[in-house]
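Below is one structure, written out as structure tokens; the observations come after it.
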Amino acid sequence: MVESRSVTARREQIVDAAIGVFLRYGYARTTMGDIAQAARLTRPTLYVTFPDKERVFTAVVDKMIADKLAEIREGLPRQKTLRKRLCFACNAWTADGYELIQNHPDAADMFDLGFKSVCAGYDAFAKLLADILDEPLRGSQLHLSSEEVARTIVLAAKGFKDTAANGDELRKMIAIHVTLVAGAIEPDARR
């Protein structure tokens, strides 16, 4: 089924408006009325497009993830070493997310692994890291798959985000971890 331009435009309008609502109130406190008001639509029009709040939230998380992954992919070619590529990707994903939560405490829902869309986002980020790691790991003495290493980086970064006292400490933990990983994969590479 192909959506008409007006339906696609309405979906985008709702998702764009709902981002601010979910950042401000979080998932639990956001109502469909809040979303309709922010999108400047009637509630019945909103319900025609999205039958429930969970579907709006999923669309919001999906958009935020797609935008962040595109931003990372766009910036990767400027990073010349494995360490710099991993550090750039992890800071963009983890540290930027951390700062979003610091500025909007109710935005923590955007990173709650209880939501399938959030889990899918972490999986997509792990896939991006695996792509970064694939070639360097093939040329290394390590017998690890890029998927295995990527998963450890994602889980470590999540742990760092959950325990960091501030953004600077988070970035430092990421830098240390990435330096260790990149150094194990490319021990003779310039950092």
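Distant-in-sequence amide contacts of residue 104, defined by a placed amide H-H separation under 5 Å and a gap of 5 or more residues or a different chain, comprise nothing.
Note that segment 106-191 carries a Kirkwood radius of 14.1 Å, evaluated over its alpha carbons pair by pair.
Electrostatic tally near residue 145: other residues with Cβ closer than 12 Å to its Cβ, Lys and Arg +1, Asp and Glu -1, net -1.
Cβ-to-Cβ counts within 10 Å put 177, 143, 104 in ascending order as 143, 104, 177, the fewest first. Computed from the C-beta positions of residue 80 and residue 147, the FRET efficiency with R₀ = 35 Å rounds to 0.90.
In sequence order, segment 84-96 has phi-based couplings of 5, 5, 5, 5, 4, 4, 5, 5, 4, 6, 8, 5, 4 Hz under the Karplus curve 6.51 cos²θ - 1.76 cosθ + 1.60, θ = phi - 60°, and Gly or Pro positions carry x. Couplings for segment 125-140, taken from phi via the Karplus curve 6.51 cos²θ - 1.76 cosθ + 1.60 with θ = phi - 60°, read 5, 4, 5, 4, 4, 4, 4, 5, 7, 3, 5, x, 5, 4, x, 9 Hz in order; Gly and Pro are left as x. Think of it as helices only: each DSSP H run of n ≥ 4 in the chain is worth -39500 (n - 2.57), and spread over all residues that comes to -24000 deg cm²/dmol at 222 nm.
Every number here is computed from the coordinates shown, using simple stated rules; none is lab data. Owing to the predicted nature of the structure, the values given are computational and were not obtained by experimental measurement. Ideal geometry is used to build each Cβ from the backbone, glycine not excepted, and the neighbour counts take in all protein chains shown.
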